[in-house]
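Below is one structure; the comments refer to it alone.
The values are calculated or read from the model by the stated rules, or taken from the named source; none is laboratory data. Because the structure is predicted, anything quoted here is derived from the model rather than measured. Glycine also receives a Cβ, built like all others from the backbone with ideal geometry; neighbour counts cover every protein chain displayed. Accessible surface areas use protein heavy atoms only, side chains included; no ligands, DNA or RNA. Shrake-Rupley method; radii C 1.70, N 1.55, O 1.52, S 1.80 Å.
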Amino acid sequence: MGTTARADKFYDEQVLDRLNTRMRDFVARQEMCFLATSDRHGECDNTFRAGPPGFLQVLDDRTLVYPEYRGNGVLASLGNIEENPHVGILMIDFLKDRIGLHINGRARIVSDEEMRRAQPELPVDPVPGRRAQLWVEITVEEAYIHCAKHIPHLQKASAEQRQRQAWGTDGFKRKGGDFFGAAADAPDRPPYQPRRRKRYVPSWAQAGEPTRAAVWQRSVERLLAVVARRNSDAEEGEKSFRGWFC
């Protein structure tokens, strides 16, 4: 669209491969963020994460972690991260600075016990429903500004205006009830059939630590899967790819 020069200027001036001091200070103030993930097929999910200020912990200029609290049990983001470690985080300060920060990187899931052994200084949250069950550790690959020009200026509600947050609750009304009416219509709908492809787990993946040959085989099978998806005749596509690969 004729914006190459502007894009190059933006990358040259604004895109970092680490968190600088101002970015680290910004992260430490945030109470919420938006998390983007996708599965191994590239099918996407975007979700909301929140906690007390500093729930996103910056360990160093290339590493941050955040806790996974008790949720609805679907574990969509964690399931995606298991299949595809690439994640995107967007933090926006609607209240004061009216500015945003994008962080893209690679994630891994860490148990609370393992994380606290490695980072014993991490605080223990006193709120029962806000106890970390797992942590997500992100290695920063890109960090850059989200400009202020379209960010609305919001104000925080007073304690009298806002309902007390019910961390970890299973209360139907406290979680939002049937706000969109989906549950009310459930008896009239057929059972939900996920559009997402079945997760493929090759037999060799059950045998413990993969050997070099197994890793090679996994790479081949993933490439074959890409070819199969892009061909109208998956079987023919796989044959031609195997012939080329050999």
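Per-structure values
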item: Enclosed volume per residue, in Å³, of the convex hull spanned by Cα atoms of segment 3-70; result: 141 Å³
item: Heavy-atom accessible area per residue - segment 2-49, 1.4 Å, Å²; result: 66 Å²
item: Carbon and sulfur %, accessible surface of segment 1-139 computed with the full protein complex present, 1.4 Å; result: 51 percent
item: Cα gyration tensor shape of segment 95-174, rounded if a/c is under 1.5, else prolate or oblate by comparing a/b with b/c; result: oblate
item: Cα gyration tensor, segment 46-153 - rounded (a/c under 1.5), prolate or oblate; result: prolate
item: Net charge over other residues, Cβ less than 13 angstrom from the Cβ of R116 (K, R count +1; D, E count -1); result: -4
item: Selection of chymotrypsin sites (Phe, Trp or Tyr not before Pro), segment 77-173, meeting DSSP coil and at most 11 other Cβ within 10 Å; result: F172
